[in-house]
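The values are calculated or read from the model by the stated rules, or taken from the named source; none is laboratory data. Model, not experiment: these values are computed from the prediction. For neighbour counting, all protein chains shown are included, and Cβ atoms are generated from backbone atoms with ideal geometry for every residue, glycine included.
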Amino acid sequence: MKRCRRVIGWITLPLLIACGGNDPSAQVERAGSWAATTRELAIERRVGAIGRAYTSDMLDAGRREVQKVAQSLKPSDLPETLRARVPAAVGRLDSVIASTASAVQRGDAVALGAAAADANALGDTLRILRAALRVK
Amino acid sequence: MKRILDLTLGIVTSIGGFLEAGSIITAVQAGAVFGYKLLWTIALGTLGLMLLVEQSGRLAAVTGRTVGDALRERFGINFFIIPLVTGLLVSFLVLASEIGGVSLALQMATGISFQWWAMPVAFAGWFLLWKGNFGVVEKGSSLLGLVTIVFIVAALKLHPDWGRVGAGLLPTSPDHDGPRYWYLAVSIIGASISPYLYMFYSSGAVEDGWGTDDLSTNKATAVIGMSFGGVLSAAVLIIAALVFLPRGIQVDRYEQAGLLLPPVLGHTGFVLFLASLGIACFGATTEITLAMAYLLAQGLGWDWSENAKPKQNARFSLMYTVTILLAGVVMAAGIDPLKLTNFSMMLTAASLPVTVIPMFVLMNDEALVGEHRNRWFSNAALGVLSIVTIVVLFSAVPLQILGGS
């Protein structure tokens, strides 16, 4: 009986961990990865290294991923001091990606440069927030 | 001259099979998160593949039988059903992800969604198999696949720290995100040692009429061809470690890999990445489709040859026609290519014992391979590989759950 319970425990442990895998730190890391991707897309598109269709597709995909992150962040999972900051940073990333996409459509090199700088700054913010979440 | 031409078989299987949708994306994911730390898995996978390719080629050259033939004859149809069904199922998923790889390359080039490209890609693959012969599939892939050398050029241009690259060849435990590390380790092994690769290799050796005179060529192609594939795969990981890791880019979508070469080679890098992805995956698409048709035909005793006209081997031709078009339908349905690729690589790794362990018996059967049976070194290496595959089999499911998200 004891052995049986142990076997069931080993089988269910990964499932339980998987179910609890929606931790805010991982979600913020994911958002940070998309901030870095947006920055890189803006830089490479500005110098004409990557195609317009590819850049637009990637930015659309990035927005969808970031919106998923925003939806998965529950205030109750966040420490009180970060409860406002984390969703705000993720929301800001969504608008930076949108403005990057708009700059790509217009072919506006100056706006792309600004978008890259915004995405870079946001990446730093998300990195700090992630570190803070890990400490908490 | 013939020997030089035979060498292309090994190089083709390394390009069309080693560097494909799975090996590219698992290497990118590993480099982006863990730097050089998972290079050892590419080395391990390359050595394992080298061993299996050499042995399956030797088996074909000495006996005139493919691995599939030998498995059925030695163990009987009741046992053979297991590698047959497992091989077909796993290869089908890998085939779908290869069609996905070509379709994604076309999506990145045109902006038209990969789903729209899946069926035309499947049809193009089928057309090549229907109209062409083994030599066309082989030489076409080998010549066009040379474009993937761009990964080595880019890795060298980035001036990696060779000391740290060397350190990555030694297995180490991760300092963060353990489940993800081991998940990627197993996926890389699955991407490197795909059973379809040595099944295809032994069938190709029979198609080319290899005999005992070709044993030295077999050894050379296994070592040179597979090493070439391993170096290409390692180059992809090194680039990801130097481009993605410092920028904090992790790979949530397959298309993010398109940013791998532009920081190093500019627009040329972007174009060559798309060409490499498309060509490597297309080569793998035709080879996997053929490998599956070979396996089923050999298992059920049908006539088979890619060198014969389709109507001469109707069931064999029907098999590859149905397979490639069904795999196209799977991708056209819109399954996420990254998730499918990761899942199929994990499943490939888990399926390895089914073919690797019986090879141990085949290659030690004096009645089958005579004086060309394995020596102690080959047996020791195959023994270690068998243990690795068993460990992988039992860790695959927990790792898929823990590290696969």
>> Being within 18 Å of B:Ile149 (Cβ to Cβ) and modelled with pLDDT under 70 is the filter here; which residues of region B:6-50 pass it?
In response: B:Leu7, B:Thr8, B:Gly10, B:Ile11, B:Val12, B:Thr13, B:Ser14, B:Ile15, B:Gly16, B:Gly17, B:Phe18
>> As an exercise: evaluate B:Ile357 against (1) assigned to a helix (DSSP H, G or I); (2) in contact (Cβ under 8 Å) with a residue 40 or more places away in the chain and give the number of the one condition it does not meet.
In response: (2)
>> Suppose the filter is in a helix (DSSP H, G or I) and away from every other protein chain (no Cβ under 12 Å); does A:Val96 pass it?
In response: yes
>> Every residue in region B:361-377 that is within 21 Å of B:Gly64 (Cα to Cα) and either in a helix (DSSP H, G or I) or touching a strand residue (DSSP E or B) at 6+ places or on another chain (Cβ under 8 Å) (or both), please.
In response: B:Val361, B:Leu362, B:Glu366, B:Ala367, B:Leu368, B:Val369, B:Gly370, B:Glu371, B:His372
>> Just the residues that are of a type in the set (S, T, N, Q) and either crowded, with 24+ Cβ neighbours inside 10 Å or within 16 Å of B:Leu197 (Cα to Cα) (or both), please, taken from region B:45-70.
In response: B:Thr46, B:Gln55, B:Ser56, B:Thr66
> Restricting attention to region A:66-79, which residues are within 12 Å of chain B (Cβ to nearest Cβ) and among the hydrophobic types (A, V, I, L, M, F, W, C)?
Replying inline: A:Val66, A:Val69
> In region A:45-65, what count of residues is obtained for those that are part of a helix (DSSP H, G or I) and either within 7 Å of another protein chain (Cβ to nearest Cβ) or under 21 Å from the mean Cα position of the chain (by Cα) (or both)?
Replying inline: 14
>> Checking the condition of a type in the set (A, V, I, L, M), in a helix (DSSP H, G or I), out of contact with any strand residue (DSSP E or B) (no Cβ under 6 Å at 6 or more places or on another chain) and more than 14 Å from every other protein chain (Cβ to nearest Cβ), which residue from A:Ala42, A:Ala114 passes?
In response: A:Ala114
>> Every residue in region B:155-188 that is within 28 Å of B:Thr348 (Cβ to Cβ), surrounded by 15 or more Cβ atoms within 10 Å (Cβ to Cβ) and not hydrophobic (A, V, I, L, M, F, W, C), please.
In response: B:Gly168, B:Pro174, B:Asp177, B:Pro179, B:Arg180, B:Tyr181, B:Tyr183, B:Ser187
>> Residue under question is B:Pro353, and the condition is that it be at negative phi and touching a Phe, Trp or Tyr at 6+ places or on another chain (Cβ under 8 Å); does it hold?
In response: no
>> For region B:94-128, give me each residue that is of a type in the set (Val, Ile, Thr) and more than 14 Å from chain A (Cβ to nearest Cβ).
In response: B:Val94, B:Ile99, B:Val102, B:Val121
>> Out of everything in region B:268-299 that is farther than 13 Å from B:Met108 by Cα and within 13 Å of chain A (Cβ to nearest Cβ), what residue ends up being surrounded by the fewest Cβ atoms within 10 Å (Cβ to Cβ)?
In response: B:Thr268
>> Given (1) under 19 Å from B:Gly68 (Cβ atoms); (2) crowded, with 17+ Cβ neighbours inside 10 Å, identify the lone condition not met by B:Asn364.
In response: (2)
>> Among the residues in region B:378-396, are any away from chain A (no Cβ under 14 Å) and part of a loop (DSSP other than H, G, I, E, B)?
In response: no
>> Name the residue that is surrounded by the fewest Cβ atoms within 10 Å (Cβ to Cβ), counting only residues in region B:246-267 that are more than 9 Å from chain A (Cβ to nearest Cβ) and more than 23 Å from the chain's Cα centre (by Cα).
In response: B:Pro246
>> Name the residue that is surrounded by the fewest Cβ atoms within 10 Å (Cβ to Cβ), counting only residues in region B:95-133 that are of a type in the set (S, T, N, Q) and touching a residue at least 24 places away in the same chain (Cβ under 8 Å).
In response: B:Asn133
>> Show me the helices (runs of 4 or more DSSP H) found entirely inside region B:139-255 where at least 3 residues are in contact (Cβ under 8 Å) with a residue 40 or more places away in the chain and of a type outside the set (A, V, I, L, M, F, W, C).
In response: B:178-192, B:195-207, B:215-247
> Only one of (1) surrounded by fewer than 14 Cβ atoms within 10 Å (Cβ to Cβ); (2) modelled with pLDDT of 95 or more fails for A:Glu44. Which number is that?
Replying inline: (1)
> How many residues are under 19 Å from B:Val85 (Cα atoms) and at pLDDT below 85 when one looks only at region B:303-316?
Replying inline: 1
